[in-house]
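Data first, discussion second: the structure below is written as structure tokens.
The values are calculated or read from the model by the stated rules, or taken from the named source; none is laboratory data. What you are looking at is a predicted structure, and each value in this text was computed from that prediction instead of being measured. Cβ atoms come from the backbone with ideal geometry, glycine included; neighbour counts cover every protein chain shown. All accessible areas refer to the heavy atoms of the entire protein, side chains included, with ligands and DNA or RNA removed. Shrake-Rupley method; radii C 1.70, N 1.55, O 1.52, S 1.80 Å.
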Amino acid sequence: MDLTHDLTSLIAKSFGLFYLIALSVGITVYAYWPSLGKRFDKAANSILDDEDGPCR
Amino acid sequence: MMERLTGAERQIALMICVVMATVGLVMAAAGRGDPMGSHGAIVLIAAGITTFFVLRAIGEPEPAEDRTVNYYDDPTKAGLVIALFWAVVGMGMGVWVAAQLAWPDLRFDAAWSSFGRIRPVHTSGVIFGFGGNALIATSYHVMQRTSRARLAGHVSPWFVLLGFNLFCIVAASGYLMGVTQSKEYAEPEWYADIWLVIVWVVYFVLYIRTLARRNEPHIYVANWYYMAFILVVAILHIVNNLAVPASLTGAKSYSAFAGVQDAMTQWWYGHNAVAFFLTAGFLGMLYYFLPKRAERPIYSYRLSILSFWGIVFFYIWAGSHHLHYTALPQWVQTLGMTFSVMLLVPSWASAGNALMTLNGAWHKVRDDATLRFMMVAAVFYGLSTFEGSFMAVRAVNSLSHYTDWTVGHVHAGAMGWVALITFGSIYSVVPLLWKRETMYSWKLVEWHFWLALAGTVIYVFAMWNSGIIQGLMWRTYTDSGTLAYSFTDTLVAMHPYYVARACGGALFLTGAILAAYNVYMTIRHAPEKHPERDYPTSSEAAEPAVPAAE
Ligand code: HEM
Ligand code: HEM
């Protein structure tokens, strides 16, 4: 099958749309998933005191 | 610095040097009479210098330090100093290019000093030399701190840093000899491109291996940005540089693409170079150094995740806005335009997140020029992304394209955002790395800040004026339907702005020179900070003076 202009534009206009929508939804759900809040807070604070050297 | 490598590591380093020297010799011999031969000589000299440093250390006793208790910061230090060197060279070239546009006689009639050759020395010098080294150096710093793990390896960080600089030198010297692929920001020829791929793959592996050692469960968001920068730049670089060398003994090559496909590939590369070189990596810096310096966690960590994925997945599609009104199919142009407009959302989310982090700490911003660098950088980031989204609209682009407006947009981003966030990060990290109390002179930091801000504002306003005048003159018709202005008329109208831009650039360059001097003096003369224990200390010893519950 040739990768013609019509085919690429069809893929871009159909599959491209849905995969980007799915991606946006997925990421938003992940970022705002309630039980992950603590982990994110901890990560945000973790950099403020990080000069204590590696453990490994 | 090589004394800190173990004996086995020194031998590996030596072997790499020998291989490099051989490659340089072969290039020099095979490419005689071609610029490639001169590049072979450069590679040979670079390998020789590195060999000298390795050999000096090779007989030394094994290092006695305990590698599990501290971070490995030598390559970071070297990278920062090299970045400042390139800043002065690259911006110095920028001022020269700007001056040539105002006073063409400043070419001095040599071939190597013509506009077309020194312009890419400026762009590569600042983007890759200054920006790239700063990114590599700060990424080493940030990846270790955020994962509380030492760099995975001691030779590979040096390989990446020095190898990357070899690429930069081959690139810049090639331009002066007239070597170019004629693809903007991807000018170096095939052998330099292959070399960069090797360096970049080692860089990526180093990053992943360091993260794999991490002692933090969550990978801090700055690392995501740095990783996107490394990974996507690798993909872009490889695809856009697919080419067939005309001969294996010469620099010339031909692109694997033709016509509008070539143009689209180039601007897919070009725009994502902006996105992943000039934006993603520097956002990594922002998300680490700004909260750190302000001593406040990022305003919304969740928002930072959202904007990360937004930036990654929107930017990839935006490149076609560089090709409005060309042979590119209309729907592809529209696609690029749409994604560019959507990009405003994650871009402003990042800029807003940074500014909201400072909300409540404005007194720190007022007192601390280092933090002010970062704050102004976030503002310019917001400004230039707004402008970019606007310029990507086809109707607006019909006015801005080919004019100095684009150059103004570029420098609002490059000077206002990229350079300022880098200087802010350098000022916050240098005293820490060299174990000094503070920078040698905070007054010089203050001077630098105002010089840089004034320089950027003058530059950008000059180019906005010049570009819009130019664009409007090009589209003014007489009653009989002919063009009202000749090309020369536009040049006359733009001349005062070119002079202003050269002056603004000179201010910015002066600031960069002050920064280099200040960093040098900090390393040499600033009083040392003597921590109670060897620095960095263990966490028990570093209890905050005020208990955390307060
Ligand atoms: C001392 C400050 C600077 C001066 C005087 C300066 C000057 C210039 C000049 C005269 C041009 C050519 C414009 C033209 O062809 O009409 C240019 C292009 C460019 N400069 Fe700078 N520059 C400076 C700083 C920077 C910095 C810090 C960066 C990046 C981090 C940068 C990135 C670029 C880029 C990407 C272009 C190409 C723009 C395009 O093709 O549209 N410049 N600069
Ligand atoms: C939402 C973000 C952005 C969008 C949508 C955007 C859009 C644009 C558009 C439409 C152009 C003009 C293309 C043309 O007419 O040829 C352009 C040029 C450019 N932009 Fe941006 N921009 C954004 C952010 C940035 C940032 C943050 C930087 C720098 C750090 C930057 C650097 C550049 C450069 C270097 C060029 C010139 C390319 C060339 O012709 O050589 N952009 N951008």
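Net charge near B:Val519: determine it from the other residues with C-beta under 12 Å of the C-beta of B:Val519, scoring Lys and Arg +1 and Asp and Glu -1.
Result for the local shell: +3.
Hey, can you grab everything whose amide H is under 5 Å from the amide H of B:Ser253? Only 5+ residues off in sequence or another chain; H modelled, so Pro and N-termini drop out.
Those qualifying (amide H under 5 Å, at least 5 residues apart or on another chain) are B:Ala246.
Given charges of +1 on the Cβ of Lys and Arg and -1 on the Cβ of Asp and Glu, with all other atoms neutral, how large is the dipole of the protein assembly as shown about its Cα centre, in debye to the nearest 20?
320
Project the alpha carbons of the range B:174-245 onto their principal axes and report the range along each, largest first, in whole Å.
Principal extents (largest minus smallest coordinate, Cα): 50, 22, 18 Å.
Counting only residues 5 or more places away or on other chains, whose amide H sits under 5 Å from the amide H of B:Arg436 once H atoms are built in the peptide plane?
The answer is B:Lys529.
Binning at 10 Å from 0, report for chain B what percent of all alpha-carbon pair distances ends up in each bin.
Taking every Cα pair in chain B, the percentages come to 3, 17, 28, 28, 16, 6, 1, 0, 0.
Once ligands and nucleic acids are excluded and a 1.4 Å probe is used, how much of B:Asp74 is accessible, expressed in Å² to the nearest 10?
10
Is any helix in chain B, taking whole DSSP H runs, at least 18 angstrom long along its axis by alpha carbon and on average at least 1.0 on the Kyte-Doolittle scale, and which ones?
The answer, listed by residue number, is B:7-30, B:35-58, B:74-102, B:156-177, B:190-212, B:221-240, B:301-315, B:369-391, B:420-433.
Classify the range B:333-387: rounded, prolate or oblate, from the alpha-carbon gyration tensor (a ≥ b ≥ c, eigenvalue square roots; a/c under 1.5 rounded; otherwise prolate if a/b is larger than b/c)?
Prolate.
Could you tell me how many cubic angstrom of Cα convex hull volume the protein assembly as shown has per residue?
181
In whole angstrom, note down how far apart the Cα centers of the range B:34-108 and the range A:14-51 are.
A separation of 38 Å, based on Cα centres.
Can you give me the Cα centroid spacing of the range B:238-312 and the range B:437-507 in angstrom?
That distance is 27 Å.
Provide Rg and Dmax in Å for the range A:7-46, with only Cα atoms included in the calculation.
For the range A:7-46, the Cα radius of gyration and maximum Cα-Cα distance read 16.0, 48 Å.
Largest first, what is the accessible-area ranking of B:His495, B:His411, B:His324 with a 1.4 Å probe?
B:His495, B:His411, B:His324
Using helices alone, what [θ] at 222 nm do you get for the protein assembly as shown, with -39,500 (n - 2.57) per DSSP H run of 4 or more residues, divided over all residues and rounded to the nearest 500?
-23000 deg cm²/dmol
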